[in-house]
Amino acid sequence: MYKKVLVGFIAMLLAYTSVPVTSYAGVQVGDNLKLFGDLRIRFEFDERGGSYTGTSDNRERPRYRLRYGGKYQTALDNVSFGFRFATGGNLNSPHVDMDTGVGRTNHGDALDVNRAFAVVKFGEGGKLIVGKQGYPLWQQTEVMWDGDINPEGFAVAYSASLADAGSISAAVAYYYLDNNSWQNDFFDNDTITAWQVAHKGKFNGASTVLAVTGMHMSDGDDDADFTPTGSAATGVQEPAFYQVAGQINTEVNGLKVRVGVDYNFSDWSEPATDDMDEGYVIHGRVRTGPYGVRYYYYDIEEASVPFYGNSALTQDNFPNSNSGGLTGFEGHRIQFDYKFAKGLSADFRIYLQEGKSGNLFSSLSEVADREINRYQLNFNAKF
């Protein structure tokens with residue numbers, strides 16, 4: 001089946017490479033407001049195998065995603081506001097299945113508030129972000145944080161030039177996972193405190209990035225909100241998750257090449273096993289002209305990436321039997337890209353994953369040896 005999808009993707013590229021397309025990214029409205037948006041049309045196919053014993057092994061989902069937002073610059077040069085609306089309403093994904101809803105009432109796909117924030121710049125390279133915002137820390141994959149999840153709270157970031165040695169940046173963020181309303185004391189909400197120190201530089205003609213990130217969970221009302229279903233841990237758990245990531249970008253014989261590594265670990269202590277708190281991703285990317293190809297290898301143990309109870313905060317691109325992000329798996333992501341023009345592109349993605357654990361976190365991870373594969377064809381437009 002996936003061969004037919006790939007053949008169709010290649011045929012589409014050949015048909016459109018000679019068609020000139022004009023597109024626009026961002027519309028200036030007056031002197032202070034800029035509007036922007038993006039639209040994606042997706043064709044998605046999932047198939048299950050291995051130890052999966054269900055009777056329904058295939059799923060076809062044509063989907064779409066629409067996001068629309070703006071940035072307003074106030075009369076103060078250092079103060080601005082941003083907003084964005086998006087389809088979906090799902091925490092982990094704004095994509096919506098194509099479903100006309102015949103026979104149902106009140107069918108429709110509302111645009112939810114996806115981001116709403118204020119930015120205050122200070123000093124030479126500092127800024128404060130308040131509100132519902134995009135993930136502010138540098139990352140090359142979404143294994144530490146799903147890019148579709150827009151955290152709510154506060155972030156402070158600062159960057160400084162090191163002249164020929166590149167630049168260094170530091171950031172601290174405080175986000176609310178669950179506002180527990182009335183409590184015995186102030187600051188008794190379930191929160192994340194995240195931080196990062198990153199260095200960007202150049203070496204022998206290549207650009208490099210090295211970043212260290214940490215996330216510390218706080219169970220404000222002490223009711224074991226962070227313990228997933230299936231865990232044997234008892235009492236209040238307030239885990240910390242860490243990532244060390246590196247990336248190199250260079251050019252080889254006219255090809256733009258990127259290589260990156262993420263190493264994740266946590267201090268989670270699971271009574272059933274001690275071998276579930278590490279994970280890593282290795283990826284490479286090559287681009288020439290409008291063409292690109294990417295490859296990622298994932299080896300993610302169950303407690304190596306952030307979660308909040310039965311909600312994994314990591315990526316949900318790999319298909320799984322649970323809703324939301326996935327842990328406890330090995331997987332491959334293969335992607336082919338084509339850029340028609342500025343703001344207009346297409347890509348074909350293959351996700352091959354297999355459960356690697358004993359499914360200790362039954363709400364977050366796959367059963368050992370269970371295979372669920374995904375094939376996606378995306379058409380993307382920015383305006």
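Do we have residue 234 as of a type outside the set (D, E, K, R) and either assigned to a strand (DSSP E or B) or buried (at least 18 other Cβ atoms within 10 Å of the Cβ) (or both) here? Before the answer, list the steps.
Details: of a type outside the set (D, E, K, R): yes; either assigned to a strand (DSSP E or B) or buried (at least 18 other Cβ atoms within 10 Å of the Cβ) (or both): no.
So residue 234 fails the test.
Restricting attention to region 156-200 and to residues that are under 23 Å from the mean Cα position of the chain (by Cα) and charged (D, E, K, R), the residue that is farthest from residue 210 (Cα to Cα) turns out to be 178.
Among the strands (runs of 3 or more DSSP E) confined to region 263-369, the ones with at least 2 residues that are of a type in the set (Phe, Trp, Tyr) are located at 291-300, 329-341, 344-355. For region 203-231, a residue qualifies if it is of a type outside the set (Gly, Ala, Ser) and assigned to a loop (DSSP other than H, G, I, E, B), and the qualifying residues are 204, 219, 221, 222, 223, 225, 226, 227, 228, 229.
Restricting region 135-191 to residues that are farther than 24 Å from residue 224 by Cβ and acidic (Asp, Glu), the residue that is surrounded by the fewest Cβ atoms within 10 Å (Cβ to Cβ) is 164. Every condition in (1) under 20 Å from residue 88 (Cβ atoms); (2) touching a residue at least 60 places away in the same chain (Cβ under 8 Å); (3) acidic (Asp, Glu); (4) surrounded by fewer than 21 Cβ atoms within 10 Å (Cβ to Cβ) is met by residue 371 except one, and the failing one is (1). Restricting region 17-55 to residues that are modelled with pLDDT under 65 and of a type outside the set (Val, Ile, Thr), the residue that is nearest to the chain's Cα centre (by Cα) is 25.
Here is the figure for region 331-366: residues that are farther than 17 Å from residue 315 by Cα, polar (S, T, N, Q) and at pLDDT 90 or above total 1.
Scan region 258-272 and tell me whether some residue there is in contact (Cβ under 8 Å) with a residue 40 or more places away in the chain, touching a strand residue (DSSP E or B) at 6+ places or on another chain (Cβ under 7 Å), of a type in the set (A, V, I, L, M) and more than 20 Å from residue 212 (Cβ to Cβ). No: region 258-272 contains no residue that is in contact (Cβ under 8 Å) with a residue 40 or more places away in the chain, touching a strand residue (DSSP E or B) at 6+ places or on another chain (Cβ under 7 Å), of a type in the set (A, V, I, L, M) and more than 20 Å from residue 212 (Cβ to Cβ).
Only one entry of 265, 203, 241, 226 meets the criterion of being of a type in the set (Phe, Trp, Tyr), farther than 24 Å from residue 162 by Cα and over 19 Å from the mean Cα position of the chain (by Cα), and that entry is 226.
Among the residues making up region 109-120, those that are touching a Ser or Thr at 6+ places or on another chain (Cβ under 9 Å), surrounded by fewer than 16 Cβ atoms within 10 Å (Cβ to Cβ) and not in a loop (DSSP other than H, G, I, E, B) are 112, 118, 120. Taking the listed residues 279, 328, the one that is in contact (Cβ under 8 Å) with a residue 40 or more places away in the chain and either within 30 Å of residue 203 (Cα to Cα) or aliphatic (A, V, I, L, M) (or both) is 279, with no other qualifying.
Within region 288-310, restricting attention to residues that are closer than 19 Å to residue 147 by Cβ and among the hydrophobic types (A, V, I, L, M, F, W, C), the residue that is modelled with the lowest pLDDT is 307. Within region 105-129, residues that are within 25 Å of residue 148 (Cβ to Cβ) reach partners that are assigned to a loop (DSSP other than H, G, I, E, B) and at pLDDT below 90 with beta carbons closer than 6 Å, at six or more positions or on different chains, in the pairs 107/101; 112/89. Do we find that residue 308 is over 17 Å from residue 332 (Cα atoms), touching a Leu at 6+ places or on another chain (Cβ under 7 Å) and surrounded by fewer than 20 Cβ atoms within 10 Å (Cβ to Cβ) in this structure? In short, yes. Filtering region 311-330 down to residues that are touching a Leu at 6+ places or on another chain (Cβ under 8 Å) and at pLDDT below 80, which residue is surrounded by the fewest Cβ atoms within 10 Å (Cβ to Cβ)? Ranking the candidates gives 322 first.
Report whether or not residue 285 is touching a Gly at 6+ places or on another chain (Cβ under 7 Å), modelled with pLDDT of 90 or more and of a type in the set (D, E, K, R). Show your work before the answer.
Values: touching a Gly at 6+ places or on another chain (Cβ under 7 Å): yes; modelled with pLDDT of 90 or more: yes; of a type in the set (D, E, K, R): yes.
Here the answer is yes, as residue 285 does meet what is asked.
Of all the residues in region 291-332, those that are closer than 18 Å to residue 47 by Cα and polar (S, T, N, Q) number 5.
The values are calculated or read from the model by the stated rules, or taken from the named source; none is laboratory data. Since the structure is predicted, the reported quantities are computational estimates derived from the model, not experimental observations. No Cβ is skipped: glycine too gets one built from the backbone with ideal geometry, and neighbour counts run over all protein chains shown.
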